[in-house]
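**Q** After the structure tokens below, expect a handful of questions from me.
The values are calculated or read from the model by the stated rules, or taken from the named source; none is laboratory data. Just so it is clear, the model here is predicted, and its values are computed rather than measured. Reconstructed Cβ throughout: ideal geometry from the backbone, glycine too, with neighbour counts over all protein chains shown. Calculation scope for accessible area: heavy atoms of the full protein, side chains included, ligands and nucleic acids excluded. Shrake-Rupley method; radii C 1.70, N 1.55, O 1.52, S 1.80 Å.
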Amino acid sequence: MTTVNRRSTLHRREQRTALAFVALPVIGFAVFAVFPLLFSVYASFTEWNGISAPVFTGLANFQAMMVDPYFWQAMWNTLFMMIGIPVGLCLSLLLALALNRKMRGTTFFRTVYYVPVISSIAAIAIMWQWAFNGDFGLINQALALIGIDGPNWLANTATVKPAIIMMSVWKGLGYSMLLYLAALQSVPRHLYEAAALDGAGVLAQFRNVTLPMLRPVTFFLVVTSIIGGSQIFIEINIMTPTGGPEFGSASIVWYIWQKAFNYLQMGYATSMSLVLGLIVFAVTAIQFRLNRRNQFSID
């Protein structure tokens, strides 16, 4: 066998080996991502209970969705609970600024604030469900010390959504704080020195140096928080398993789960999932477009 033939055989063997390694993740992606996505698109146009064969019904699911008051209520609840995103980002930035100083105990506080991030969301939801209890909850007991009669947080239409927002902000505070802290520590010192030479005070340096340098981290946190906030489910299902008073805390994912697994309306649930996915995709695309316009570089 000539040298050229040996090289050709070795090359083909390497190609087969490479294709074998590449084929595994490609097949897994096709089976567990592409096929379910395509089937869910088809199922959204059918009447299907998850057991019998789907029956094609055209746009009937989407027409029913447009006049379903519970769908719109769940969408509104999900949107309202995203108020916690800017609140959480502002608080986490303040914490990061406080912990970005050379003082004793910063490592301890960083760890304490990050513990909720790595804790079980189910355990956290149960803990906050107890804290919000109207009779013996920790929050109402604390309010009673200053003479305030606290409400039954999770059984009151006016307080159930703020209660869930408080819990969500508390849980995500450590993650956002850690990213902001890393970003603050990576800001070049010469930018602050140049701003100080130009007469900029502390607030001017924060507005003109710190905030622009934190923009990539803020963009990442906003995008991921909106995607995560649109899928809030475990907290709702544990803290208010019936959707809250007057359906006041039901998120869209919780409502989809109810329709799919409690009422076996898989086709209708899939159509709502498709609409939610398109909305999240559109919002994310708009954010990327706006961020691209605001990009800057440091020479």
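**Q** Identify, by number, the condition in (1) touching a helix residue (DSSP H, G or I) at 6+ places or on another chain (Cβ under 9 Å); (2) free of Cβ contacts under 8 Å to residues at least 12 places away in the same chain that His190 doesn't meet.
**A** (1)
**Q** Filter the stretch 226-246 down to residues that are part of a loop (DSSP other than H, G, I, E, B), open to solvent by 40 Å² or more (accessible area, probe 1.4 Å) and more than 16 Å from Ala122 (Cα to Cα), then give me how many there are.
**A** At the first step, the residues of the stretch 226-246 found to be part of a loop (DSSP other than H, G, I, E, B) are 230-233, 240-244.
Applying the additional criterion that residues be open to solvent by 40 Å² or more (accessible area, probe 1.4 Å) yields 231, 233, 241-242.
Then keep just the ones that are more than 16 Å from Ala122 (Cα to Cα); that gives 242.
Here the count works out to 1.
**Q** Yes or no: the stretch 192-206 includes at least one residue that is part of a loop (DSSP other than H, G, I, E, B) and either under 25 Å from Ile286 (Cβ atoms) or polar (S, T, N, Q) (or both). It would help to see each step written out before you state the result.
**A** At the first step, the residues of the stretch 192-206 found to be part of a loop (DSSP other than H, G, I, E, B) are 198-201.
Next, only the ones that are either under 25 Å from Ile286 (Cβ atoms) or polar (S, T, N, Q) (or both) stay: none.
Checking the stretch 192-206: not a single residue is part of a loop (DSSP other than H, G, I, E, B) and either under 25 Å from Ile286 (Cβ atoms) or polar (S, T, N, Q) (or both).
**Q** Let me ask you something else. If Ser249 meets every condition in (1) modelled with pLDDT of 90 or more; (2) out of contact with any Leu (no Cβ under 8 Å at 6 or more places or on another chain); (3) not in a helix (DSSP H, G or I) apart from one, which number is that one?
**A** With respect to (1) modelled with pLDDT of 90 or more; (2) out of contact with any Leu (no Cβ under 8 Å at 6 or more places or on another chain); (3) not in a helix (DSSP H, G or I), Ser249 is out only on (2).
**Q** For the stretch 154-174, check the following and say yes or no: at least one residue is farther than 21 Å from Met239 by Cβ, part of a helix (DSSP H, G or I) and touching a Ser or Thr at 6+ places or on another chain (Cβ under 7 Å). It would help to see each step written out before you state the result.
**A** Kept after step one, since they are farther than 21 Å from Met239 by Cβ, are these residues of the stretch 154-174: none.
No: the stretch 154-174 contains no residue that is farther than 21 Å from Met239 by Cβ, part of a helix (DSSP H, G or I) and touching a Ser or Thr at 6+ places or on another chain (Cβ under 7 Å).
**Q** On the given criteria, is Ile139 under 25 Å from Asn77 (Cβ atoms), part of a helix (DSSP H, G or I) and touching an Asp or Glu at 6+ places or on another chain (Cβ under 8 Å)? Please lay out each step first, then the result.
**A** Working: under 25 Å from Asn77 (Cβ atoms): yes; part of a helix (DSSP H, G or I): yes; touching an Asp or Glu at 6+ places or on another chain (Cβ under 8 Å): no.
No; evaluated as a whole, the condition is false for this residue.
**Q** Name the pairs whose Cβ atoms lie under 7 Å apart, with the first residue in the stretch 221-236 and in contact (Cβ under 8 Å) with a residue 60 or more places away in the chain, the second not in a helix (DSSP H, G or I), and 6 or more positions between them or separate chains?
**A** Ile226/Met82; Gly229/Met82; Ile232/Ser251; Ile236/Ser249; Ile236/Ala250; Ile236/Ser251
**Q** Let me ask something additional. Which residue pairs have Cβ atoms under 7 Å apart, sit 6 or more places apart or on different chains, and have a first residue in the stretch 257-280 that is over 18 Å from Leu59 (Cβ atoms) and among the small types (Gly, Ala, Ser) and a second that is in a helix (DSSP H, G or I) and open to solvent by less than 70 Å² (accessible area, probe 1.4 Å)?
**A** Qualifying pairs under 7 Å: Ala260/Met266; Ala260/Ala269.
**Q** For Trp130, only one of the following conditions fails: (1) of a type outside the set (S, T, N, Q); (2) open to solvent by 70 Å² or more (accessible area, probe 1.4 Å); (3) within 30 Å of Met213 (Cβ to Cβ). What is its number?
**A** Evaluating Trp130 over (1) of a type outside the set (S, T, N, Q); (2) open to solvent by 70 Å² or more (accessible area, probe 1.4 Å); (3) within 30 Å of Met213 (Cβ to Cβ) leaves (3) as the failure.
**Q** Also, quick follow-up: Only residues that are of a type in the set (S, T, N, Q), without any contact (Cβ under 8 Å) to a residue 12 or more places away in the chain and surrounded by 15 or more Cβ atoms within 10 Å (Cβ to Cβ): list them for the stretch 45-92, please. Give the steps one after another, and end with the answer.
**A** Within the stretch 45-92, the first condition is being of a type in the set (S, T, N, Q), and the residues that meet it are 46, 49, 52, 57, 61, 63, 73, 77-78, 92.
Within this subset, residues satisfying the condition of being without any contact (Cβ under 8 Å) to a residue 12 or more places away in the chain are 52, 63.
Answer for the stretch 45-92, where residues must be of a type in the set (S, T, N, Q), without any contact (Cβ under 8 Å) to a residue 12 or more places away in the chain and surrounded by 15 or more Cβ atoms within 10 Å (Cβ to Cβ): there is none.
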